[in-house]
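The numbers here are math on the coordinates, done by the rules we state, and not lab data. All values reported here derive from a predicted model rather than from experimental measurement. Here the Cβ is made from the backbone with ideal geometry for all residues, glycine too, and neighbour counts use every protein chain on show.
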Number of protein chains: 2
Amino acid sequence: MDSYSKLENSLIESGTMLCVGLDTDLAKLPKGIASNLTGMLEFNRIIINATQDLTAAYKINYAFYEQYGHEGFRIIEQTMNLIPQSKFIIADAKRGDIGNTSRSYAKACFEALNSDAITVNPYMGSDSVKPFLEYSDKMVFLLALTSNPGSSDFQRLKVDNDYLYQHVIEVSSKWADYKNLGYVIGATHPDELRTIRKTIPSNPLLIPGVGTQGGDIDGVLSANNGGVALINVSRDIIFAGADSDFANQVRIKAEFYKSKLKWQ
Amino acid sequence: MDSYSKLENSLIESGTMLCVGLDTDLAKLPKGIASNLTGMLEFNRIIINATQDLTAAYKINYAFYEQYGHEGFRIIEQTMNLIPQSKFIIADAKRGDIGNTSRSYAKACFEALNSDAITVNPYMGSDSVKPFLEYSDKMVFLLALTSNPGSSDFQRLKVDNDYLYQHVIEVSSKWADYKNLGYVIGATHPDELRTIRKTIPSNPLLIPGVGTQGGDIDGVLSANNGGVALINVSRDIIFAGADSDFANQVRIKAEFYKSKLKWQ
């Protein structure tokens, strides 16, 4: 099954747009979980068990694993083996380089790790993104307007009458079908999201920034206007509990987000 | 010693601005080297032995290793152990994410792997770059005008009277001292390089795109105007020979580039 169909199925089967972000930070692990790589994997196992019937997707934030070198990278692989096959998996790696190098990053994500989708940075232009799009059964989420304060520095610069992020969407949306190419739009920008949804009603969106980053859920849902989207929550779910019963707290938080982020 | 001093020393001691790029592609390994990860490390060992007195620096292109998952990532670590301590090492990883995530990428590069510098993508703005700059004894090379054809898609968009890449340089050069912050400028753009050097005479530049990508060496040297810079050559050196005597061919190519790219 191609990844776009898997995304649609995950949304329908789970009934939610929730994506759980596995930003597993050793410094924040709850009581009873060892603060080492064994603990990291054990924590992910518990989080996945506690949330798999409540989420459409998981997003793996590569940085939190890479910081421990190849042993951390191995935890990514082991974590992916714990995620049920029906769930959509996003490699949140923010990659992008010249053509022959992007080809290797695409191979890393789609072959070595068999993710359904990867986040890609558009700054280096078409030949840096196309090697990812050549995997026609997989998906790219291209960064457009990100959730962080620094999104104002360059993404919101005026280019002719548009902002840079609008220009990125306009140009790149011609590179591939909506079934292969989605965009990252931060939940912290609901007004811009509303406008973007009018331009690209069909491209899937990955919307991070709800929860700890402060994005407003109702504003985001209204602005998204029923389009195919995953709304990511990381820290607010996975670190919901600090004690040995944390799996229950995680489940309560995930249930809350599942019901707020209904897919219908 | 901080990385900027190490860069200056490497230039002086080696007498060249050459940086050898370890874009080790299993499909291109010479005869006699096994096309697997053991061969990859063995190849890197031979390349490093053949070039270490001819180069100021090595650049490790993460993609070529990551495509083999955690075992590939391990080859990065093992390769770094083969490089003499006096040589400047660049993690060519093109990272960048929201603040807390960039902090982990910085830790990956500067602590887990102890690189001197990392390439960072500016698209996500200040809070995505600053966690790297907080390692005040290390260096960032921020992507400005890259060597690939796609650099025209967004980097050359007009923002007010400047191009986007000029704006990136102007804004970001206020984030840190030139000893911490350099820029990636493709050798395929000598005219733009000349103008950039007038704006930022002191920031170190990482200039890829000479060799296989077709950048003109004399044009680049003239445009750089004697500034602190590393000029990277990857494929044209490391894949100079296809037979079992490839180390000699590699050495001849590296000698050629060393003498063309004199540091004085």
### Task
Go through segment A:142-245 and name the trypsin sites (Lys or Arg not before Pro) that are in a DSSP coil and have 15 or fewer other Cβ atoms within 10 Å of their Cβ.
A:Arg156, A:Lys174
### Message
So if I place +1 on the C-beta of Lys and Arg and -1 on the C-beta of Asp and Glu, and nothing else carries charge, what would the dipole magnitude of segment A:3-260 be about its Cα centre? I want it in debye, nearest 20.
### Response
120 debye
### Query
Quick one: net charge of A:Glu13's neighbours, Cβ under 15 Å, K/R +1, D/E -1?
+1
#### Entry: Whole-Hz couplings from phi, Karplus 6.51/-1.76/1.60, listed for segment A:236-243; x for Gly and Pro
5, 8, 5, 9, 5, x, 10, 9
### Query
Once the dipole of the protein assembly as shown is set up with Lys and Arg at +1 and Asp and Glu at -1 on Cβ about the Cα centre, which of B:Pro208, B:Val168, B:Leu261 lies farthest towards its positive end?
B:Val168
### Query
Summing Lys, Arg as +1 and Asp, Glu as -1, what charge do residues with Cβ under 13 Å from the Cβ of A:Tyr178 carry, A:Tyr178 excluded?
0
### Message
Using the Cα centre of the protein assembly as shown as the reference point, and only Cβ charges (+1 on K/R, -1 on D/E), how large is the resulting charge dipole? Debye, rounded to the nearest 20.
### Response
100 debye
### Greater than 26 Å apart at Cα, pairs in A:Lys6/A:Lys258; B:Lys174/B:Lys262; A:Lys107/A:Lys253
B:Lys174/B:Lys262; A:Lys107/A:Lys253
### chain B, relative contact order [Cα under 8 Å, separation at least 6], %
23 percent
### Task
Quickly work out the B:Trp175-to-A:Asp218 label distance, labels modelled 7 Å from Cα along the C-beta direction, and quote it in nm with one decimal.
3.6 nm
